[in-house]
Amino acid sequence: MTAYLGLGTNLGTDKAANLRQAVKLLSEQAGHVLACSSFIETEPWGFQSVNTFLNAVVAIDTPHTPHELLRITQSIERSMGRTHKTIDANYKDRIIDIDILLYGEETIHDADLTIPHPLIMQREFVYLPLFEIAPEAEQLLRSI
């Protein structure tokens, strides 16, 4: 199944290296990386910070279910040094953030996971790199 994952980092001395490391770990643990967008620098969204973000989107061909993929992405975040997840929109600086944006054409709404990611179209730093590597995703998102 093709899944699209949003990546973001705003900590560390080499943010591009953080994203490259996340892509490497995803390719080793989550599935074959089909494409990676350009890296774009953005201001923090939803909170104040002196640290800008570097964001990207990757497409992967994964054999894992959406919930398995979620566990893998959270494990990668922890292995890279992320110590907390966002709770109740209380955003903080982070070494890496990996969000499942799309998983094929599936729609999931449960306590652990919402696909498509509910904030894709509100976050330019997500939809611009997504549409760069998957222009067809715009039509899919408008039909859901």
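Structure notes:
- The residues of the chain present an accessible area of 52 Å² per residue when probed at 1.4 Å with all protein chains retained.
- Label-point gap, in nm, between N51 and M1 - each point 7 angstrom along Cα→Cβ: 3.2
- Percent accessible area from carbon and sulfur atoms, segment 1-49, protein chains only, probe 1.4 Å: 51
- Rounded to the nearest 20 debye, the dipole size of the chain about its Cα centre is 420 debye, using +1 on the Cβ of Lys and Arg and -1 on the Cβ of Asp and Glu.
- Karplus (6.51, -1.76, 1.60) ³J(HN,Hα), θ = phi - 60°, over segment 124-132, in Hz, Gly and Pro reported as x: 4, 5, 9, 6, 5, x, 4, 5, 4
- Residue-averaged [θ]222 nm for the chain, counting only DSSP H segments that reach four residues, each worth -39500 (n - 2.57): -10000 deg cm²/dmol
- Were the residues from E124 through L140 laid out at 0.36 nm apart, the gain over their Cα-Cα distance would be 4.1 nm.
- Applying 0.36 nm per residue to the separation of D110 and R71 and subtracting their alpha-carbon distance, the gain on full extension is 12.6 nm.
The values are calculated or read from the model by the stated rules, or taken from the named source; none is laboratory data. All values reported here derive from a predicted model rather than from experimental measurement. Glycine gets a Cβ as well: all are built from the backbone with ideal geometry, and neighbour counts include every protein chain shown. Just so you know, the surface numbers come from the protein's heavy atoms only, side chains and all, with ligands and any DNA or RNA stripped out. Shrake-Rupley method; radii C 1.70, N 1.55, O 1.52, S 1.80 Å.
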